[in-house]
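Please read the structure below before turning to the comments.
The values are calculated or read from the model by the stated rules, or taken from the named source; none is laboratory data. If you're wondering where the values come from, they're calculated on a predicted model, not measured in any experiment. Counting neighbours? That spans all protein chains shown, and the Cβs are built from the backbone with ideal geometry, glycine included. Note: areas computed on protein heavy atoms with side chains; ligands, DNA, RNA excluded. Shrake-Rupley method; radii C 1.70, N 1.55, O 1.52, S 1.80 Å.
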Amino acid sequence: MKVILDANVYISYLLGRRSRGSVTQVVETCMTNPQIELIVPPELLDEIRQALLTKPYLRTHISPEERTDLCDALVLVAQMPIPLAAILLLSRDPKDDYLLAHGLIEQADYLVTGDDDLLVLQRIDDLQIVSVPAFQSVLNDRIV
């Protein structure tokens, strides 16, 4: 199963890692389960880094070590496709289109997000766009 997790999922993971909630379980499963091919486009890694460095709330609630550890781990465990030169406009928010484009090019099965601009799409071709709780249900049903 090929999966892309949106930046908001990774940031929620860093903010709530100690809670063992659904976001934590989803991210850790995607990073460790050999049945899942985690796809992390370079644009996504840049978005995560930018958010963690520029948003004051995130800078005060997520340590520099946690930021570095997550980005380093993603580089090690994920498939990193080449950056896109051009992107079709597919969503209400053009800043999200790179995720959809990578999902389609990489033939991902799921894009997991908390972003309503993406969730409203539900599906583009074979790419299913789902929330964290919906994806956790998929994992519970499909991953042993």
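Got a number for residues in the stretch 51-76 being in contact (Cβ under 8 Å) with a residue 24 or more places away in the chain and under 17 Å from Ser12 (Cβ atoms)? Residues in the stretch 51-76 being in contact (Cβ under 8 Å) with a residue 24 or more places away in the chain and under 17 Å from Ser12 (Cβ atoms): 11 in total. Cβ separations smaller than 9 Å between residues 6+ apart or across chains give the following pairs from the stretch 1-13 residues that are farther than 16 Å from Ala73 by Cα and open to solvent by 10 Å² or more (accessible area, probe 1.4 Å) to residues that are part of a strand (DSSP E or B) and hydrophobic (A, V, I, L, M, F, W, C): Lys2/Leu38; Lys2/Ile39. Note on the stretch 12-34: residues that are out of contact with any Ser or Thr (no Cβ under 9 Å at 6 or more places or on another chain) and farther than 11 Å from Glu66 by Cβ total 12.
Cβ-Cβ contacts under 7 Å between residues 6 or more apart (or on different chains), taken from a first residue in the stretch 77-105 that is of a type in the set (Ser, Thr, Tyr) to a second residue that is assigned to a loop (DSSP other than H, G, I, E, B) and open to solvent by 30 Å² or more (accessible area, probe 1.4 Å), are listed as Ser91/Leu121; Tyr98/Leu84; Tyr98/Ile87.
Got a sec? Which helices (runs of 4 or more DSSP H) wholly within the stretch 41-144 have at least 3 residues that are buried (at least 17 other Cβ atoms within 10 Å of the Cβ)? Steps first, please.
Values: elements: 42-54, 56-61, 64-77, 97-105, 116-119, 132-142.
Correct list: 42-54, 64-77, 97-105, 132-142.
Scan the stretch 11-26 for residues that are modelled with pLDDT under 90 and part of a helix (DSSP H, G or I) and the total you get is 4.
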